[in-house]
Amino acid sequence: MNAELAYLLLTAVLTGSLWIPVVIGYVRTRGPLTPEAYRVAPTDPLPAWVNRANRAHQNAVENFAPFAAVVLAGQALGVHTSLTVACAAVYFWARLAHAVVHVSGFGLFRARTLLFTIAWIAFLVDAIAVLRRVL
């Protein structure tokens with residue numbers, strides 16, 4: 001497994017794990033699900049961190065598919081350079097930091113937006129590197 005695939009795998013594990021804090025927050029706030037809660041969703045408010053954790057998970061899910069597509073296209077085309085490795089690494093670490101900052105509510109320096117943008121730029125540069133191979 002090369003580095004790009006390793007970072008894709010790490011990103012998949014991160015994305016696939018971000019639901020856990022949300023469920024912990026739901027259970028700590030509302031208690032375990034009951035048969036009634038399956039029929040009618042509870043409406044009592046959740047703590048702000050639980051809502052932020054849910055948004056962080058949704059954002060990670062929304063951004064995973066494009067990143068995965070670019071990494072897998074690069075693999076299929078045999079594009080493996082120091083640039084594509086760096087892009088995959090930057091994407092993963094920026095997404096990890098983004099999730100931590102998002103859930104924590106840390107708002108200084110617009111850190112969440114900055115980290116999102118760093119990951120997006122890494123994705124975009126990686127996509128351009130792969131596209132240059134086919135165009």
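Which of the residues spanning the range 29-57 are charged (D, E, K, R) and under 19 Å from VAL100 (Cα atoms)?
ARG52, ARG55
Can you tell me which residue within the range 77-87, out of those that are under 23 Å from the mean Cα position of the chain (by Cα) and assigned to a helix (DSSP H, G or I), is farthest from ALA111 (Cα to Cα)?
SER82
Any residue in the range 100-114 that is in contact (Cβ under 8 Å) with a residue 24 or more places away in the chain and within 15 Å of ALA53 (Cα to Cα) sitting within a Cβ distance under 7 Å of a residue that is assigned to a helix (DSSP H, G or I) and basic (Lys, Arg)? List the pairs, counting only those 6 or more apart or interchain.
HIS102/ARG52; HIS102/ARG55; HIS102/ARG112; VAL103/ARG52; GLY105/ARG52
Are any residues in the range 39-53 surrounded by 12 or more Cβ atoms within 10 Å (Cβ to Cβ) and in contact (Cβ under 8 Å) with a residue 40 or more places away in the chain, and if so, which ones?
Of everything in the range 39-53, those that are surrounded by 12 or more Cβ atoms within 10 Å (Cβ to Cβ) and in contact (Cβ under 8 Å) with a residue 40 or more places away in the chain turn out to be TRP49, ARG52, ALA53.
Quick one: which residue in LEU9, LEU18, LEU33, LEU14 is more than 21 Å from SER104 (Cα to Cα) and either touching a residue at least 12 places away in the same chain (Cβ under 8 Å) or within 16 Å of the chain's Cα centre (by Cα) (or both)?
After applying the criteria, what remains is LEU9.
Based on this model, can you work out whether GLU62 counts as closer than 23 Å to THR117 by Cβ and either of a type outside the set (A, V, I, L, M, F, W, C) or surrounded by fewer than 13 Cβ atoms within 10 Å (Cβ to Cβ) (or both)?
So GLU62 passes the test.
Among the residues of the range 1-38, write down those that are among the small types (Gly, Ala, Ser) and surrounded by fewer than 17 Cβ atoms within 10 Å (Cβ to Cβ).
Across the range 1-38, the qualifying residues are ALA3, ALA6, ALA12, GLY16, SER17, GLY31, ALA37.
Looking at (1) part of a loop (DSSP other than H, G, I, E, B); (2) within 16 Å of ALA6 (Cα to Cα), can you tell me which one VAL90 breaks?
Result: VAL90 fails condition (1) only.
Output the residue which, of all residues in the range 37-72 that are charged (D, E, K, R) and part of a helix (DSSP H, G or I), is modelled with the lowest pLDDT.
Checking each candidate, the answer is ARG39.
Counting only residues that are surrounded by 21 or more Cβ atoms within 10 Å (Cβ to Cβ) and in contact with a Phe, Trp or Tyr (Cβ under 8 Å, 6 or more places away or on another chain), which one in the range 104-135 is nearest to ALA73 (Cα to Cα)?
Looking at the filtered set, the residue picked out is ASP126.
If you take the residues in the range 93-117 that are among the aromatic types (Phe, Trp, Tyr) and more than 15 Å from ASN59 (Cβ to Cβ), which one is modelled with the lowest pLDDT?
In this case the residue turns out to be PHE109.
The values are calculated or read from the model by the stated rules, or taken from the named source; none is laboratory data. Not measured: the values here are computed from a predicted model. All Cβ positions, even for glycine, are placed from backbone atoms using ideal geometry, and neighbour counts span all protein chains on display.
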